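First up is the structure itself, then whatever we jot down about it.
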Amino acid sequence: MYFLCAVFRRRFAFGESYSSAADSVIAEVGPGVMHNTEMNTSLGADAPRAAARTETSRDERQADVVAALTAVLPRAAILCRHEDTAPYECDALTAYRASPLAVVLPETETQVAAALKICHRMRVPVIARGAGTGLSGGATPHHGGVVLSLAKFNRILKIDAGTCTAVVQCGVRNLAISEAAAPYGLYYAPDPSSQIACTIGGNVAENSGGVHCLKYGLTLHNVLRVRGFMVDGEPVEFGSEALDAAGLDLISVVVGSEGMLAVTTEVTVKLTPKPQLARCIMASFDDIESAGAAVASVIAHGIIPAGLELMDKAMTAAVEAFVHADYDLGAAAILLCESDGTPEEVAEEIARMEEVLGAAGASRIEVSRDEAQRLKFWSGRKNAFPASGLMPPDAGNAFLRPLQNFRRCASSRLTSIRDAPAALRTCSIRAISSATSSGVPSLSHRRMAAASRS
Ligand SMILES: Cc1cc2nc3c(=O)[nH]c(=O)nc-3n(C[C@H](O)[C@H](O)[C@H](O)COP(=O)(O)OP(=O)(O)OC[C@H]3O[C@@H](n4cnc5c(N)ncnc54)[C@H](O)[C@@H]3O)c2cc1C
């Protein structure tokens with residue numbers, strides 16, 4: 001479904017103007033980079049000439065768009081040479097790639113509005129981009145469009161310890177908010193595993209969660225106000241600095257809208273007091289069903305853990321080699337279950353959790369003795385993505401089977417969406433095939449592995 005969502009998202013992003021713009025651009029420039037091979041095959045002997053024509057009209061379109069953008073943005077804020085735009089060709093869903101006409105890196109809201117107005121007028125699709133860590137292809141460029149990178153909106157504007165809030169620009173990294181709030185004994189609770197890199201603008205677009213969201217909520221529950229611009233460059237604001245605002249509460253419409261309703265430029269987030277203590281239980285199970293049932297049992301006993309995550313055997317083996325957290329490699333599944341609060345609350349809750357997990361069939365239970373060990377327990381969950389990048393190619397077989405099942409399932413769904421344009425159907429099937437046929441860690445997996453290690 002993720003792949004399908006990504007495909008349809010590409011089609012309908014930015015509503016009416018996106019789809020109509022996309023259509024007009026496609027009509028004007030012909031099939032782009034992603035479809036050239038297909039086109040060459042179907043056109044036979046005329047293929048080289050047709051391809052050359054396509055390239056020429058794309059070059060012309062690019063020149064027009066860049067010229068218009070140069071009129072409102074500093075030249076250094078526009079990238080259009082292939083070697084400059086190549087890093088923006090995909091997000092963490094590397095099965096999809098497209099080369100945009102240009103990447104713009106505005107520094108002010110005025111520049112964002114101006115760039116959007118130009119693109120809107122020229123009917124050019126715009127894809128907003130934070131850090132590009134998204135796994136659903138949301139930041140994949142359109143071959144006839146412009147990528148709007150918000151990387152330069154990286155300032156924390158205000159931390160108010162009195163109201164436990166922070167006002168930050170959209171390109172601020174998730175973890176940077178907690179780091180800035182730490183001197184006040186506060187932190188920003190939603191903690192996607194990509195928090196070292198992902199931006200609050202991306203978190204808002206994806207309604208991102210993390211291991212602590214069971215108790216502390218998703219991005220939606222931790223954001224008070226979102227400010228930004230509509231696709232035509234008009235300013236817009238959702239929510240307010242206060243807990244309540246007059247009129248309709250539209251914040252839940254924009255949070256999770258995958259960048260399709262507005263380009264976020266500024267966000268007011270809630271900050272949470274840091275708990276005095278946190279401890280984590282690592283419980284082993286002999287089969288994955290018992291581990292799943294243990295999760296239900298913990299909740300049924302009225303316990304809301306500060307964090308609750310399950311890792312299966314294949315992933316535990318992959319991350320253990322990477323983080324050396326002393327995971328139980330013999331277990332079919334490992335459950336990480338965290339408690340936080342005052343020392344008394346934690347002691348009582350950990351004892352209850354141990355009891356429930358034991359009764360649910362845990363074969364081994366270990367409680368973190370200190371903060372270093374607690375972080376070690378979580379390091380596997382946090383590093384699952386880069387760890388898989390270090391796996392040898394043949395180890396991909398362990399992941400290939402579920403992916404093949406996914407492909408079968410996805411293909412049968414594809415046959416039922418007859419209304420989807422042929423190009424989109426081919427595109428998604430190709431992406432699924434390339435994701436499943438290689439079984440080899442992608443370059444971005446390896447890059448993240450290297451970054452995590454250093
Ligand atoms: C290793 C790894 C671990 C992850 N763990 C988690 C996890 O635990 N939980 C979770 O929920 N996700 C997780 N993710 C997914 C991803 O990190 C999140 O979705 C994150 O919020 C994306 O932020 P980003 O800044 O990278 O956004 P991008 O990938 O750049 O963009 C994501 C979407 O947001 C839109 N967007 C970005 N910035 C803006 C803006 N300013 N205005 C409007 N739209 C915008 C883009 O158009 C796109 O649709 C993980 C990803 C990786 C690679």
### Query
Filter the stretch 369-389 for residues that are crowded, with 18+ Cβ neighbours inside 10 Å and part of a loop (DSSP other than H, G, I, E, B); which is farthest from the ligand (Cβ to nearest atom)?
Gly389
### Query
Among the residues of the stretch 222-252, which ones are surrounded by fewer than 18 Cβ atoms within 10 Å (Cβ to Cβ) and within 13 Å of the ligand (Cβ to nearest atom)?
Met230, Val236
### Summary
Those residues of the stretch 53-93 that are over 14 Å from Val124 (Cβ atoms), touching a residue at least 40 places away in the same chain (Cβ under 8 Å) and among the acidic types (Asp, Glu) come to a total of 2
### Message
Scan the stretch 105-120 and tell me whether some residue there is within 11 Å of the ligand (Cβ to nearest atom) and within 20 Å of the chain's Cα centre (by Cα).
### Response
no
### Which listed residue, of Ala197, Ala246, Ala151, Ala242, is out of contact with any strand residue (DSSP E or B) (no Cβ under 7 Å at 6 or more places or on another chain), within 27 Å of Tyr88 (Cα to Cα) and among the hydrophobic types (A, V, I, L, M, F, W, C)
Ala151
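Among the listed residues Ala182, Ala128, which satisfies the condition of being closer than 30 Å to Leu214 by Cβ and under 22 Å from the mean Cα position of the chain (by Cα)? Give the derivation first.
Details: Ala182 fails: under 22 Å from the mean Cα position of the chain (by Cα).
Only one candidate qualifies: Ala128.
Which members of the stretch 293-312 meet the condition of being part of a helix (DSSP H, G or I) and in contact (Cβ under 8 Å) with a residue 24 or more places away in the chain? Even if it seems obvious, please write down each step before you answer.
First, pick out the residues of the stretch 293-312 that are part of a helix (DSSP H, G or I): 293-300.
Correct list: Ala293, Ala294, Val295, Ser297, Val298.
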### Message
For the stretch 352-379, which positions are of a type in the set (Gly, Ala, Ser) and over 20 Å from His212 (Cα atoms)?
### Response
Gly358, Ala359, Ala360, Gly361, Ala362, Ser363
### Query
Looking at the stretch 305-333, which of its residues are within 25 Å of the chain's Cα centre (by Cα), buried (at least 20 other Cβ atoms within 10 Å of the Cβ) and of a type in the set (A, V, I, L, M)?
Ala306, Leu308, Met311, Met315, Ala318, Val319, Val323
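Restricting attention to the stretch 251-307, which residues are among the acidic types (Asp, Glu) and more than 30 Å from Ala360 (Cα to Cα)? Please lay out each step first, then the result.
Of the residues in the stretch 251-307, the ones among the acidic types (Asp, Glu) are 258, 266, 286-287, 289.
Across the stretch 251-307, the qualifying residues are Glu258, Glu266.
Just give me the residues in the stretch 202-221 being of a type outside the set (A, V, I, L, M, F, W, C) and more than 8 Å from the ligand (Cβ to nearest atom), in sequence order.
Taking the stretch 202-221 as the starting set, the residues that turn out to be of a type outside the set (A, V, I, L, M, F, W, C) are 202-203, 206-210, 212, 215-217, 219, 221.
Scanning the stretch 202-221 gives His212, Lys215, Tyr216, Gly217, His221.
Each value in this text was obtained by applying a stated rule to the coordinates, not by laboratory testing. All of these numbers come straight from a predicted model, not from anything done at the bench. A quick note on method: Cβ atoms are made from the backbone with ideal geometry, for glycine too, and the neighbour counts reach across all protein chains shown.
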